[in-house]
Each structure stands twice: as structure tokens, then as C-alpha cells.
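K.L.:
Questions regarding the structure given below will be posed in turn.
The values are calculated or read from the model by the stated rules, or taken from the named source; none is laboratory data. Since the structure is predicted, the reported quantities are computational estimates derived from the model, not experimental observations. Cβ coordinates were reconstructed from backbone atoms using ideal geometry, including for glycine residues, and neighbour counts include every protein chain displayed. Each accessible area value is taken on the protein alone, full model and side chains, heavy atoms only, with ligands, DNA and RNA left out. Shrake-Rupley method; radii C 1.70, N 1.55, O 1.52, S 1.80 Å.
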Amino acid sequence: MAGLIRADLHVHSSFSFDGQGTVQEYCEKAVSRGLQEICFLEHLDLYPQDPYCRYLDAAAYAAAIAEARAKFQDRLLIRMGVEVTYLPSLEKEIAEYIEGKGYDCVAGGVHLIFGGEGGISEEMEALETFARHEAEEVYADYFEHVAAAVRSGLFDVICHLDLVQRYGIHHLAQFEYGRFYGTLRLILEGMVKREIALEINSSGLRQTPQAPYPSAPILQLYYELGGQLITLGSDAHQPGHLAEGLAESWEVAEKAGRFRPVSFQARTPVPLES
Ligand SMILES: [Zn+2]
Ligand SMILES: [Zn+2]
């Protein structure tokens, strides 16, 4: 376990619209916390109605990563990735955007549903979405978006697979895992078939679910279906949250199955020592 918690594979610097702290500040914090590896997954938002559409400055981001790699050399492995807000209507734009950017990891996350008009990851937006739709509809549409993200073949990792629970857990009818078993199974089977890693995201421990994303039954089902590849990330949006909750998240994962933790280099999984 010691090796695993020396890598945080999901952090946001100020290249993300909601991130604080520079790439360099994160790297310094990583070294001071004894990490060997960090992966930046800056938000990539391409939905035209999103106020932060195309906020990421890809050239400046690549330059900051190059500078940090030169500075930290053999003290820290620094990976450059993006967390793409997936929408089925954006597949072409996403593919074009990531082409030739040299990203180590392209992660997919669902933050918007109902074709883009329903936010689920920010509280005000989520409450508006929940006010306009029945709980059943919200969960069904959310997981259909995740299934489409898997089918798209665009992603190396699926982030926080049940993020809808962040606000759903208190504001929607109780989530019934069994009602969505069919869709979840389809999602996880697709990930196993395409060798897409499942992210264990410790931010859920800091948020309302008070458990990592995804929840334990989803981790167990992934394992039962032959899923092995996982990544571990804090989803820190400030250096102070770097690596928070990773050890606890790994303990949860270990109870669900014998997984193979990986990081990504040039979009290829690399084993992490455990
Ligand atoms: Zn996210
Ligand atoms: Zn994130």
C-alpha cells in the first residue's frame, strides 16, 4: 500500500476554472508529502453554453508541465492529463482537441446531463436539475451518459463513476443500486472489454457521501466482471488537499477486490507498485 499512496493521479491547478495553486506549488507539496508521482487532470470543457467552455489554455499548461519536469527531474514523476466533461454531442470536438497534445491520461467524467442543460457536480446547478426532474430520471440519464462515455472509446479512465451521488444523496430519493444494476453492469463490462481504468476518487470522503466514488457495490461488481485496472486520485482543487483520503480509499478498494493500480504514461497503463 505504501507505494500506492505515493501517487495522486487526479489534481486540478489554476489551469482549471475552479482550481487554486500553480503546477509548481502542487509539485512542491507533492515532494513535501512524500509522493513519487502526480497526474494533473485539468478540466476540459467544450460544451458551448458552459461559461468555462475552452477555459483550459493548452499551450500554457504544456509549458508549465515542461518547466516543472525540468525542475523536479528525478524527484517527482509529473504526468499531464485532462478531465474531459463528456457529452455525447461533443465526441468529435473532444477527439480533435486531444489529438497531438501529448497527454499522458485522458479521463472522462460526467458533470452535465440531459444533453448539457442539467448540471450535477455544482450544488446550485444540481439543485436546479433535481427540481426539474424526478430522481429516477436523473439517475437514469446520468448513468446513460457514463455508458456513452465508455462506448465512445475516447477515455483511458472514467472518473468518479457515481458523482451524481454528491448532491443526489441528500436531495434525491434514496438511490437504489438494484434499479440501475443493468446499466451499471453494461458500463463496467464495457470498461473491462476496452481496458478503461476505474478511478477511485477520494473527494467523496470530503463531500456528502463520506465515502470514495464509486461506492463499494460498484467496485465489487467491477471486480466480479473481471475489472482490474484502477487509478487513485484525490481530485484536489488546492494543494492542501493533495493525496487526502487516498490511503482510506485504497482500504475500501481492497475490501472489494484485488485490483491492479496503474497510472498512465502516453495513454498507456503503467503498473504502480503496491
Ligand atoms: Zn469531475
Ligand atoms: Zn476533477
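K.L.:
Of all residues in segment 103-121 being of a type in the set (Gly, Ala, Ser) and in contact (Cβ under 8 Å) with a residue 60 or more places away in the chain, which is farthest from Gly168 (Cα to Cα)?
P.N.:
Only one residue tops the list, namely Ala107.
K.L.:
Right, something else. Just checking, how many residues over segment 242-260 are small (Gly, Ala, Ser) and open to solvent by 50 Å² or more (accessible area, probe 1.4 Å)?
P.N.:
0
To keep it simple, each residue is scored yes or no on (1) over 16 Å from Phe264 (Cα atoms); (2) in a helix (DSSP H, G or I); (3) modelled with pLDDT of 95 or more.
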{"position": "Ser13", "(1), (2), (3)": "yes, no, yes"}
{"position": "Glu42", "(1), (2), (3)": "no, no, yes"}
{"position": "Leu46", "(1), (2), (3)": "yes, no, yes"}
{"position": "Glu91", "(1), (2), (3)": "yes, yes, yes"}
{"position": "Glu96", "(1), (2), (3)": "yes, yes, yes"}
{"position": "Gly108", "(1), (2), (3)": "no, no, yes"}
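K.L.:
Quick one: Ile200 ticks every box in (1) within 16 Å of ligand 2 (Cβ to nearest atom); (2) part of a loop (DSSP other than H, G, I, E, B) except a single one, so which number is it?
P.N.:
(2)
K.L.:
Of the conditions (1) without any contact (Cβ under 8 Å) to a residue 60 or more places away in the chain; (2) under 22 Å from Gly182 (Cα atoms); (3) within 16 Å of ligand 2 (Cβ to nearest atom), Met80 fails just one. Which one is it?
P.N.:
(2)
K.L.:
What number of residues within segment 15-35 satisfy the criterion of being within 20 Å of the chain's Cα centre (by Cα) and assigned to a loop (DSSP other than H, G, I, E, B)?
P.N.:
Going through segment 15-35 one residue at a time, the tally reaches 9.
K.L.:
Any residue at all in segment 233-241 that's at pLDDT 95 or above, open to solvent by 20 Å² or more (accessible area, probe 1.4 Å), at positive phi and among the small types (Gly, Ala, Ser)? It would help to see each step written out before you state the result.
P.N.:
Going through segment 233-241, the residues at pLDDT 95 or above turn out to be 233-241.
Imposing the further condition that a residue be open to solvent by 20 Å² or more (accessible area, probe 1.4 Å) reduces the set to 237-241.
Keeping just the survivors that are at positive phi gives none.
Looking through segment 233-241, none of the residues is at pLDDT 95 or above, open to solvent by 20 Å² or more (accessible area, probe 1.4 Å), at positive phi and among the small types (Gly, Ala, Ser).
K.L.:
Oh, and also: Given the structure, is Ala107 hydrophobic (A, V, I, L, M, F, W, C), open to solvent by less than 10 Å² (accessible area, probe 1.4 Å), over 30 Å from Leu272 (Cβ atoms) and within 16 Å of ligand 1 (Cβ to nearest atom)?
P.N.:
Numbers: hydrophobic (A, V, I, L, M, F, W, C): yes; open to solvent by less than 10 Å² (accessible area, probe 1.4 Å): yes; over 30 Å from Leu272 (Cβ atoms): no; within 16 Å of ligand 1 (Cβ to nearest atom): yes.
Criteria not met by Ala107.
K.L.:
So, one more: Filter segment 110-127 down to residues that are open to solvent by less than 10 Å² (accessible area, probe 1.4 Å) and within 16 Å of ligand 2 (Cβ to nearest atom) and give me whichever is nearest to the chain's Cα centre (by Cα).
P.N.:
Val110
K.L.:
OK, next. Considering every residue within segment 210-230, establish whether at least one is open to solvent by less than 60 Å² (accessible area, probe 1.4 Å), part of a strand (DSSP E or B), in contact (Cβ under 8 Å) with a residue 12 or more places away in the chain and over 22 Å from Glu122 (Cα atoms).
P.N.:
Yes; the residues of segment 210-230 include at least one that is open to solvent by less than 60 Å² (accessible area, probe 1.4 Å), part of a strand (DSSP E or B), in contact (Cβ under 8 Å) with a residue 12 or more places away in the chain and over 22 Å from Glu122 (Cα atoms).
K.L.:
Check Pro261 against each of (1) within 16 Å of ligand 1 (Cβ to nearest atom); (2) over 14 Å from the mean Cα position of the chain (by Cα); (3) part of a strand (DSSP E or B) and name the one condition it does not meet.
P.N.:
It is condition (1) that Pro261 fails.
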